Structures are given as structure tokens and as C-alpha cells.
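In what follows, a structure is listed as C-alpha cells, so that the remarks can point back to it.
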Amino acid sequence: MRPFYNTAKMCTATLAGALICTAAWADFIVVGHPNNHSSAAGHLFIFGANGVTGTIASNDGALNQPFTIGPSGVLDIDVPSSQFLSPGNTVLNKALRVTSASPISGYFLNRQQTTSDMGYLLDIPALGTQYRVLSWQRAYDDIQMSLTAVQNGTVATVTPASPLVSGQAAGMPFTVSLNAGESIIYNAASGNDLTGSLITANKPLAVFSGTQCSNVPTDQFACDHLFTQVPPVNHYASEYVVPETANTGTAGNLVRIVAATANTVVTVNGTVVATLAAGAFHEIATAHNLHITTSQPALVGQYLKGVAATGFGDPALTYVPGIHQTLSDYVFTTPTTSATSTAFEQNFLNLAVPTSALGSLMLNGATVDTSAFTPVGTSGYSAGTVAVPVGAGRIQASTPFLATLAGFSSFDSYLTIIGASYSAGGSAQPTAAVPVPVNSPAGLLMAALGLLAIGAWQQRRRQG
């Protein structure tokens, strides 16, 4: 049996003393897409409670190793660029599967000086069988989308929105067959856009998208790597609150709303702005805090802009969960310094919190100053950014709220979500990644909120 198939078990004792074991739900898939130079290095960040163990495995055997999370709450595993998905249009065995019997979260950071991005890795049970791709229309190198199977006998049908460099035509479906742990990456030439490409399969897939190096907007330097795992259509939502990130100035962010079905009406901050066909998107070129509703579930993507537009950082990409797909308690980590990478100069949480719950917001056990947060239209939420230190952390409130994470250095950046109700990862069973005295007021509050969050998570699991 190949290493990719190894499946840890999560066992719980019943009141009667029986031991019930199920497949670990904390597993996730890791792939890297080629950056614009072979000197790029991959970093797999795994974070959770001190002492949590697991394994990392790939079909090709390049990375097959156990891991144990230490007191810092985060591991940085080097992934060489030789493990990135390349060449295109070829079945590859380079994907990693991370398995643990305990709640863990993961990010993949593709780091090269002045061109990086980082994405949150979805729990395997959150994967689905239908996807729309989130990408961009201009890159100095290839525009990318990849598929990775988690089960044998997976057959996917791909309908690209733009012609692929491997010869497949825009709008013409084609199929590919994959077994567990196998991946394939497709590339569109610079100037094309794969946003809205349709992927369907008979079994769940992990789908990632982005570009080697892109300017956002297209007329503003400098280019940067774009990378995100995208959620399946069954996790799209009809209401979003998208907080503006830090370091935008008057330029704001760029936001895209991608329709899954025809006749999707898009309303932004109370005004109808578009009616979209299936796979079409509406773009907001100067996006500040947004309240978005759609008549049918849709996908929302957020982009950081280039340094010429904002003055610091560079492009990056993430999708955003729906406002009712959020958690009240998140663990997270910023990229840490290692032998092959340095920490980002600035890191921020971008938050949209129910206005009534602003006073309950806590970061690493300390109350957050939310006096600069501003209401987002009539959504009932207020948005703001909070600077965070390097390393693992925890952000929580009395009710669910949206949180994304961004980092900035000179001509460099990343942007990612840190969890969602359908993929809670290490946030599913909250444990303080940053130690807080148990008998302190903050510690007592964190314990109480942790019990509430566990109860809510268990209820969500029962409801599927």
C-alpha cells in the first residue's frame, strides 16, 4: 500500500467504556504551484496543540515522515520546489497528504524573494465534486489550476474558461482520470484568465488555482505569485462581509464575485450591480469594506494590489467564506523564520465582527481595541484590522466572525483565510496556541469560550 493511503484513526471512549474509531477528519492535501523562479521554497505550516502527532506522505516518497507539534504550536516543514506540480498536463505523484488523529490546521506558503503567497488547506471532508476556478487575467508566466484526487477511480471533467497551453480549447469539456494522491496541473498562457472554469468529478477533489506571477491591477507593478485552494460549489454562500485588508491606502483591494448558476443577481452595499451567467464574474476594482448578497450561492475572491498602487506589499489572492460560515474561535499562525525563509515584516488579521460582539473580541487572551472598527453598511458587522506578532495565535469572540490573515514585506505579501465552519481544522477543538495562565481572568474566559465552541462544533458535525 502506498504511503498516501495511510489513514490515521481518531478514537473516543463512550460512557460504557467502548472505544469507537473513525478515520481522522483532520487530514488535508498540500500542493505547490510553480513560482516564477526555481529558487522558490515551499513551507508547510502545521499548527495545533502541543504534543499533537501525525504524518506527511506523498505517493512519490519524497516526503514521508512523522511530525509532532511542540510548545510553539506550529511546525514549518520545508517543501522543495521540485515537489511543486510540474510539468503541466501530466499526472504527477507530488501531492502531500497530512494526517493526524487530532485537530490541526495547515497553510502552504510558496516563498521567493518579492513573490510569495500562502493558502489555507481545507479539511478533506470539506472537499467536493464541483468547482469554479478563481484566477486572474494577466501573468508574466502561466495561469494555473490543479486537481488532486483523494480516492482511486476519480474521473474529472474540466471545462476551461480560456484555452490551455496544452491544447485544450476554451469552453470544450475534457476528462482526466486520477487515483488517490495523483495530481494534474493545467496552465493558460499569460493574458488569459481561468476564472469561472468548471470542474466536476465523480469523487471529491482538492482544487487549487492562481498564477506564477501577476500584476494586480494589470497596469500596476510589481507581479507576485497568486495561490489559493478553492472551496467546492456546495460551500458557496449568498451573503458575504469582506473587510478591507491593511496596507491598502485609497487603492483598496480588488474583489471578484463568481456565479455558480445562471441569473445570479449580485448586490453590493445595497445596490444591484450585476446579473451573472454561470461561471461569469463581477469585479470591484476599488473595494473597501463590502456587504455582498447574491440571489444564488456564489464564490467571492479578494486580491491584494501591487506596490505601485498601495505603497507596500504586492499582489496576493484568497477566497472569502460566507459570513454565516464563520467561527467564534480560530487558531492561526503567521509565517515564521526558518533556514530558508524570513518572517514577513508586518502581519494583520482582517476582521468582520458583529457590532454587538466587538467588546468580546480577544487576541491571545487580551481584549482587542476595536475603537477604529467601522460599521459595514447595514450588515450588522463592523470591520477592522489588528496587527499580530510572528508565530501561532488565537482570536475569539462571543459569536462567530470573519477572519483572514495578511502579511507584508517589501514587494511581497500573502493573503489567506484561517478557517471556516465547513473546514475548522485546529480551530475545531480550541486550544491556546499561545500559553495563557488557566487561573487568570483571560484564561477562565478562554476556557469558557472553548467549551462553547466545542459544543457548537459538535452540533455542526451532527448536522453534517
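See the values below:
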item	result
Residue 46 assigned to a strand (DSSP E or B), open to solvent by less than 20 Å² (accessible area, probe 1.4 Å) and in contact (Cβ under 8 Å) with a residue 60 or more places away in the chain	yes
Count of region 131-161 residues which are modelled with pLDDT of 95 or more, open to solvent by 10 Å² or more (accessible area, probe 1.4 Å) and either touching a helix residue (DSSP H, G or I) at 6+ places or on another chain (Cβ under 7 Å) or under 24 Å from residue 236 (Cα atoms) (or both)	7
Single unsatisfied condition, residue 378 versus (1) in a strand (DSSP E or B); (2) of a type outside the set (Asp, Glu); (3) open to solvent by 10 Å² or more (accessible area, probe 1.4 Å); (4) closer than 26 Å to residue 268 by Cβ	(1)
Region 68-114: number of residues that are open to solvent by 10 Å² or more (accessible area, probe 1.4 Å), closer than 25 Å to residue 179 by Cα, within 21 Å of the chain's Cα centre (by Cα) and among the hydroxyl-bearing types (Ser, Thr, Tyr)	1
Test result for residue 262, open to solvent by 10 Å² or more (accessible area, probe 1.4 Å), hydrophobic (A, V, I, L, M, F, W, C), assigned to a loop (DSSP other than H, G, I, E, B) and at pLDDT below 95	no
Residues of region 162-182 that turn out to be in a strand (DSSP E or B) and either surrounded by fewer than 23 Cβ atoms within 10 Å (Cβ to Cβ) or out of contact with any strand residue (DSSP E or B) (no Cβ under 8 Å at 6 or more places or on another chain) (or both), as a count	4
Close pairs from region 206-230: first in a loop (DSSP other than H, G, I, E, B), partner among the acidic types (Asp, Glu), Cβ under 7 Å, at least 6 apart	222/314
Residues that are touching a Leu at 6+ places or on another chain (Cβ under 9 Å), closer than 11 Å to residue 305 by Cβ and not β-branched (Val, Ile, Thr), drawn from region 240-259	247, 253, 254
Checklist (1) β-branched (Val, Ile, Thr); (2) within 18 Å of residue 335 (Cα to Cα); (3) touching a residue at least 40 places away in the same chain (Cβ under 8 Å); (4) outside any loop (DSSP other than H, G, I, E, B) applied to residue 77, failing item	(3)
Scan of region 297-337 for residues that are surrounded by fewer than 24 Cβ atoms within 10 Å (Cβ to Cβ), in a loop (DSSP other than H, G, I, E, B) and over 15 Å from the mean Cα position of the chain (by Cα), ordered by number	311, 312, 324, 336, 337
Residue match in region 390-399 (condition: at pLDDT 90 or above, open to solvent by 20 Å² or more (accessible area, probe 1.4 Å), out of contact with any Cys (no Cβ under 8 Å at 6 or more places or on another chain) and over 14 Å from residue 329 (Cα atoms))	yes
Residue satisfying all of: in region 285-296; in a strand (DSSP E or B) and closer than 24 Å to residue 412 by Cβ; most open to solvent (accessible area, probe 1.4 Å) among these	286
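The values are calculated or read from the model by the stated rules, or taken from the named source; none is laboratory data. Just so it is clear, the model here is predicted, and its values are computed rather than measured. Note that we place each Cβ from the backbone using ideal geometry, even for glycine, and neighbour counts take in every protein chain shown. Just so you know, the surface numbers come from the protein's heavy atoms only, side chains and all, with ligands and any DNA or RNA stripped out. Shrake-Rupley method; radii C 1.70, N 1.55, O 1.52, S 1.80 Å.
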